[in-house]
Amino acid sequence: MTRLNLADDGDWLTPKETAERLAELTASGDVAPDYYGVGGPVTELENAVAAMFGKEAAVMYPTGTLANMLAARELAAAKRGPRLVVQRDSHVFNDAGDNFTHGIGVTTVPLVSEGPNFTAEQLRAEIARTASARVPASIVGVMVETPSRRHANRLFDPIALAEIVALAKAEGIPLILDAARIFIEAAWTDRQVAEITAPFDYVYLSLYKYLDAPFGAVLAGPTAELHGQHHERRRFGGGLFQMWPAALLANNALTRQQENWTNIRKAGTAVLDGLSALGVETKRLDNDTNVIRITCNPDHAEAAKRATAMNVKLPPPSGGGYILKMNESWLKTHPQTIANTIASLTR
């Protein structure tokens with residue numbers, strides 16, 4: 001059976017496949033390497049992302065953690081008591097070791113309401129609280145992650161987000177979009193990526209979620225603010241001698257993403273129909289994207305063993321069943337075959 005990934009947002013390349021893809025992309029002999037992240041495929045990728053996102057400029061970084069941190073650092077420059085509002089369940093608040101606090105002196109302020117969201121009223125209250133602080137402080141930005149990884153790729157509620165954007169604009173507070181999974185959002189909301197990114201001052205894109213690269217991120221935004229970021233990248237330990245392999249792989253994959261994810265959504269809908277016909281209980285939450293929630297109580301050790309034998313990557317159980325993810329591998333197998341496979345592994 002063709003490899004089927006039920007666990008990830010991307011059908012990640014193996015080391016052998018990565019080497020083969022790079023060999024194909026460099027076969028002409030005209031790929032020039034970058035020099036500490038300047039020139040060659042790195043500059044080409046930066047230009048492509050800036051154009052796609054409707055921003056003036058873009059800069060590649062070796063990690064998303066560094067990209068987000070330096071975006072916040074730019075916003076906090078010369079500000080007293082800088083604070084950045086984030087979702088409580090966001091990547092930057094939970095998975096980066098409080099790097100904003102320790103690395104750049106920016107305090108993250110976590111907000112939460114239902115699911116991956118917070119509200120404009122909560123933001124308004126935080127603005128007022130910050131203004132009343134005994135020691136001067138300022139909110140230098142609001143960062144939004146959507147879709148949210150910790151909520152199985154649920155979208156930030158669009159009505160709540162529109163109200164937050166309007167309030168931030170009225171208060172003159174810059175906005176950062178953690179758009180690691182932006183093409184998933186575009187497919188499930190029937191929008192172009194530039195429409196999604198338009199309200200945000202900075203937009204971060206991950207290169208390894210589904211863009212075939214083994215590492216890397218790109219931050220898009222205003223030219224004036226991103227000017228000189230290659231120096232800041234080096235200052236914070238991100239001055240890699242060459243990043244062209246990751247940039248070349250990501251740029252090659254970038255152009256197919258919008259169409260790919262539209263087709264993945266269609267394939268997922270067909271799989272859901274197939275599962276329903278097989279009597280498999282599934283669930284979808286409001287603002288869900290590329291996930292199928294299966295309610296079951298399997299013997300996971302046995303299911304994982306059978307999955308491996310079938311060339312299927314199965315995630316660990318979650319919430320009384322499985323949360324399965326659609327990705328590019330779903331375009332290589334007939335939807336009914338995928339449905340049959342899922343049914344056999346979850347019963």
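The values are calculated or read from the model by the stated rules, or taken from the named source; none is laboratory data. All figures in this text were calculated on a predicted structure; none of them were measured in a lab. Every residue, glycine as well, gets a Cβ built from its backbone with ideal geometry; the counts of neighbours run over all protein chains shown.
Is it the case, given these coordinates, that Ala137 is in contact with a helix residue (DSSP H, G or I) (Cβ under 8 Å, 6 or more places away or on another chain) and more than 23 Å from Leu161 (Cα to Cα)? In short, yes. Residue pairs whose Cβ atoms lie under 9 Å apart, separated by 6 or more positions or on different chains, with the first residue in the stretch 91-111 and in the same structural domain as Phe156 (by TED's automatic domain parsing) and polar (S, T, N, Q) and the second assigned to a loop (DSSP other than H, G, I, E, B) and surrounded by 20 or more Cβ atoms within 10 Å (Cβ to Cβ), are Thr108/Ser90. From the list Arg83, Arg150, Arg129, Arg124, the lone residue that is of a type in the set (Lys, Arg), more than 19 Å from His227 (Cα to Cα), in the same structural domain as Gly172 (by TED's automatic domain parsing) and in a strand (DSSP E or B) is Arg83. The set of residues from the stretch 90-118 being touching a strand residue (DSSP E or B) at 6+ places or on another chain (Cβ under 8 Å), assigned to a loop (DSSP other than H, G, I, E, B) and either among the hydroxyl-bearing types (Ser, Thr, Tyr) or within 17 Å of Asp157 (Cα to Cα) (or both) comprises Ser90, Val112, Gly115, Pro116, Asn117, Phe118. Scanning the stretch 288-343 for residues that are of a type in the set (Gly, Ala, Ser), at pLDDT below 95 and over 24 Å from Glu185 (Cα atoms) yields a total of 5.
Can you find, within the stretch 14-47, the residue that is farthest from the chain's Cα centre (by Cα) among those that are crowded, with 18+ Cβ neighbours inside 10 Å and hydrophobic (A, V, I, L, M, F, W, C)? My answer is Leu22. When residues in the stretch 276-290 are screened for being surrounded by 14 or more Cβ atoms within 10 Å (Cβ to Cβ) and either over 21 Å from Ser344 (Cα atoms) or under 28 Å from the mean Cα position of the chain (by Cα) (or both), 5 of them pass.
Checking each residue in the stretch 34-71 for being without any contact (Cβ under 8 Å) to a residue 60 or more places away in the chain and under 17 Å from Leu248 (Cβ atoms) picks out Gly39, Thr43, Asn47.
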